[in-house]
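A short worksheet on the structure shown next.
Values quoted throughout were computed directly from the atomic coordinates according to the rules given, and no laboratory measurement underlies them. Note that the coordinates shown come from a computational prediction; the quantities given were computed from them, not determined experimentally. Note that each Cβ is placed from the backbone with ideal geometry, even for glycine, and that neighbours are counted across all protein chains shown.
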Amino acid sequence: MSGPAPTPVADRVVAGAALAPAAARLLDVGCGDGALLARLDGKARRLVGVDGRLPACLAAVTRGAAAQCADLDARHLPYRDRVFDAATCLDVLEHVLDPRHLLRELARVLRPHGTLVLTTPNIRYYGFVLTLLGGRFPRTSGDPEGYDGGHLHYFTFADVRELLAAAGFEAIEEFGLYHWTRLSPWGRVKERVKVALGDRLKREFFSGAVVVRARRQGPA
C-alpha cells in the first residue's frame, strides 16, 4: 500500500517566501540553486545563501545571492554571531547529522528576535502512515539521489517544536502544506475529515510538511 507522493518542492519554496519577513540580511541555509531567494522579491536587502554543493551555490550566485559553499555538518556555519535578521531552512533538517546542532547554529547567527522559517517532511502525514501500515517505510523525498533522497531523520510537529525551544527559539507558529484534492468521492470525504479535525489535527495528519516560523529569544 502506498500513500500520495510527498509535497512538491515548489510548495515548500512558495511557503518559505511567503513566511519570510522583511529583513536587512537574510540567510538561506541549504539554498540549493537559489530558488527561494529568487522569490523573495525585495523582502531582504542582502540575500546570503549557504549550501554544501558547489554547483548549487554557483547557480544561486547567478540569481543574485551571495552564496557560499560550506559543510552544513561542520562545527560552525561560516558566519559571525548575530549577523542576520532572518533565516530560512527549507527541507534541510532531515539531511544533517545533528539537527540540534544546526538549530543552535541558526540561533547563534541570528540577532535577538530574528526570525527563522523552517520546513521538513511531516512523518505523521496520513499518506506516510498508510504506507507504514502497509508494511513499508514511507519515502519522504522525491529526490532520486541516495536512499530516500538522503534523509537521515524524520520529524513531527511536536519534534520540531521541542528542538526549536531547546535551541533558543520562541513564539513558534505552525502552518500546513496540503495537496490539491480532486473532487472525487474520496476527495470529498477527505475534505470533510479535514474540517471535522480542526486546524491543529488537520496539520498533524494532512500536511505533507512541518512548516514553522519562530523567533530567536532575546536578552532575558
- Query: So for the chain: antiparallel DSSP bridges make up what percent, rounded to the nearest 5?
  - Reply: 35
- Arrange the peptides 78-91, 161-174, 204-217 so that the one whose residues have, on average, the most other Cβ atoms within 10 Å appears first. 204-217, 78-91, 161-174
- Query: Per-residue HN-Hα couplings for segment 137-146, Karplus 6.51 cos²θ - 1.76 cosθ + 1.60 at θ = phi - 60°, whole Hz, x for Gly and Pro?
  - Reply: 6, x, 8, 9, 10, x, 7, x, 6, x
- Express in nm, to one decimal, how much length is gained between Thr62 and Lys43 on full extension, taking 0.36 nm for each residue of separation and deducting their alpha carbon distance. 5.0 nm
- All other residues with a Cβ under 12 Å from the Cβ of Gly52 taken together, and with Lys, Arg as +1 and Asp, Glu as -1, what is their net charge? -2
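Taking a quarter of the surface of the Cα convex hull of segment 1-155, what do you get in nm²?
Details: hull surface 35.8 nm².
Over every viewing direction, the Cα hull of segment 1-155 projects on average to 8.9 nm².
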- Message: Once you place label points 7 Å from the Cα toward the Cβ at Ala196 and Asp143, how far apart are they in nm?
- Response: 3.8
- Sequence-distant or interchain residues sharing an amide H contact under 5 Å with Ala23, placed H: which? Ala44, Arg45
- Query: Given Cα pairs under 8 Å that are at least 6 residues apart, what percent is the relative contact order of the chain?
  - Reply: 22
